Amino acid sequence: MGWNFFTIFIMLLFHHSNANANAKPSCNFFEGSWIEDETYPLYNSTQCPFIEHEFNCQRNGRPDQDYLKYRWQPHGCSLQRFDGGALLEKFKGKSIMFVGDSLSRNQWQSLVCLLYTSLPNTKYNATRVGDVSIFTFLDYEVDVMLDRSVYLVDVVREEKGRILKLDSIEGGKLWKGIDMLIFNTWHWWNRRGTTQPWDFIEIGGQYYKDMDRVAAFERALFTWAKWIDTNINPAKTLLFFQGISPSHYNGTNWNEPGVKTCLGQRQPISGSTYPGGLPPALTVLKKVLYTLIEKPVTLLDVTNLCLLRKDGHPSIYGLTGMDCSHWCLPGVPDIWNQILYNFIVTT
């Protein structure tokens with residue numbers, strides 16, 4: 001029997017319709033809004049003894065609790081609730097590592113608490129080796145680790161002083177063989193004066209006293225991307241990048257001119273859009289991640305959902321001074337991990 005054009009067209013149309021019907025519905029987890037939910041938070045701070053002082057806002061005397069009662073609602077779908085037992089089963093005998101600065105520590109501690117409070121009777125071991133903190137769930141042989149690497153690239157002490165090497169990642173040897181890596185950097189790139197942990201920047205064998213910090217950030221990210229491309233097999237390692245976690249020190253950005261801190265903020269910004277816009281660093285990060293076509297890294301694009309949470313920081317209920325950069329636990333980082341969990345269980 002001959003095949004005419006009309007017959008082929010109908011068969012292709014039928015095949016296309018069936019393919020669409022069988023495909024999983026897509027959802028952008030990062031477009032949405034915060035809604036009140038009395039079933040939140042996902043755990044109580046008193047149930048997790050591992051929360052560090054700087055994140056434990058309730059223990060430090062924060063008087064309000066409204067900020068705990070919000071969940072993130074994407075447009076067009078809902079996030080599955082975090083199931084610690086299911087995640088531990090999926091990663092049985094495997095390793096998870098967060099790599100970055102204190103905001104990575106924020107997310108690492110959140111995940112440890114989410115897992116521990118899901119199975120509070122499970123055996124565990126907590127150790128530290130150099131810059132790497134390791135929390136092991138012994139019954140599942142799952143290591144949840146944190147490698148403190150605030151720039152991802154190397155900072156090395158030489159005769160000239162402390163050198164920020166934008167073209168070097170010797171520290172990456174710790175990341176090989178890990179089953180899931182979640183990277184992060186940005187928080188330290190604008191530090192100056194006594195809080196800046198380097199004296200010179202090195203690029204291509206040339207030393208500079210300083211340079212445009214966003215340009216330095218971009219150069220370091222391309223070095224990191226090259227390392228990923230050379231050293232990671234995406235068939236064996238899940239790759240994520242935390243994204244840019246914002247601060248709230250300028251009320252003009254959320255239509256409260258004159259407000260200079262997050263102290264006293266008790267509610268998220270309503271709606272889905274932050275009045276002050278997105279930080280330029282996010283554009284740079286997306287540009288670099290776009291180049292990793294063969295070694296795809298999933299961006300946990302938390303910037304906008306965090307910008308809406310001016311109420312989620314420790315403020316004076318953290319470690320010292322006014323902290324509008326980190327996040328209370330329980331709190332916003334639990335949602336980062338809930339989204340991470342949804343990426344894992346739906347793929």
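Write down Rg/Rh for the stretch 127-251, rounded to two decimals, with Rg from the C-alpha atoms and Rh from the Kirkwood relation over Cα pairs. Walk me through the intermediate numbers first.
Numbers: Rg = 16.2 Å, Rh = 16.2 Å.
Using only Cα positions, Rg/Rh for the stretch 127-251 is 1.00.
The C-alpha atoms of the chain occupy a region whose extents along the principal axes are 82, 54, 50 Å, arranged from largest to smallest.
If only the Cβ of Lys and Arg carry +1 and only the Cβ of Asp and Glu carry -1, the dipole of the stretch 210-347 around its Cα centre is close to 100 debye. Highest mobility in the GNM of the chain, judged by mean-square fluctuation with C-alpha springs under 10 Å and restricted to K69, K173, K310, is found for K173.
Cβ distances below 4.7 Å define possible disulfide partners, and in the chain the cysteines left without one are C306. Under a straight-distance cross-link criterion of Cα-Cα below 30 Å, which lysines are reachable from K209, leaving out those fewer than 8 residues away in the same chain? Counting by Cα, and skipping residues close in sequence, K209 has these lysines nearby: K160, K165, K173, K226, K286, K287.
Stokes-Einstein diffusion for the stretch 244-293, with the hydrodynamic radius set to the Kirkwood value over Cα pairs and evaluated at 10 °C in a medium of 1.306 mPa s, equals 124 µm²/s. With the chain treated as a Gaussian network of Cα nodes joined by springs under 10 Å, which of Y290, Y70, Y140 yields the largest mean-square fluctuation? Among Y290, Y70, Y140, the largest mean-square fluctuation in the Gaussian network model of the chain belongs to Y290. Within the stretch 79-166, the GluC sites (Glu not before Pro) that combine a DSSP coil assignment with at most 14 other C-beta atoms in a 10 angstrom radius are E141, E159. Take every Cα pair under 8 Å whose residues are at least 6 apart in sequence, average their separation, divide by the length of the stretch 110-195, and the relative contact order is 17 percent.
Using Cα pairs under 8 angstrom and six or more residues apart, how large is the relative contact order of the stretch 144-263, in percent?
Values: 147 pairs, mean separation 33.1, N = 120.
In percent, rounded to a whole number, it is 28.
The 3J(HN,Hα) values that the Karplus relation (6.51, -1.76, 1.60; θ = phi - 60°) gives for the stretch 305-318 are, in residue order, 5, 6, 4, 6, 9, 4, 8, x, 8, x, 6, 7, 9, x Hz. Gly and Pro appear as x. Ranked from largest, the principal axis spans of the Cα set of the stretch 203-312 equal 47, 39, 18 Å.
Normalised by residue count, the stretch 278-347 yields a Cα convex hull volume of 114 Å³ per residue.
Helix screen, the chain: no DSSP H segment has Cα axial length of 30 Å or more and mean Kyte-Doolittle hydropathy at least -0.5. Using Cα pairs under 8 angstrom and six or more residues apart, how large is the relative contact order of the chain, in percent? Reported as a whole number, the value is 22 percent. A compact globular protein would have a Cα radius of gyration near 2.2 N^0.38 Å; the ratio found for the stretch 144-213 is 1.19.
Counting only protein heavy atoms and a probe of 1.4 Å, the accessible surface of the chain is 53% carbon and sulfur.
From the Kirkwood radius over Cα pairs of the stretch 119-181, Stokes-Einstein at 37 °C and 0.692 mPa s returns a whole-number translational diffusion coefficient of 237 µm²/s. Picking from I203, I134, I51, which is most flexible by a Gaussian network model of the chain using Cα springs under 10 Å? Maximum fluctuation in the GNM of the chain, among the listed residues, is at I203.
The values are calculated or read from the model by the stated rules, or taken from the named source; none is laboratory data. Small disclaimer: the values here were computed from a predicted structure and weren't measured. Please note: Cβ atoms are built from the backbone with ideal geometry, for glycine as well, and neighbour counts cover all protein chains shown. Each accessible area value is taken on the protein alone, full model and side chains, heavy atoms only, with ligands, DNA and RNA left out. Shrake-Rupley method; radii C 1.70, N 1.55, O 1.52, S 1.80 Å.
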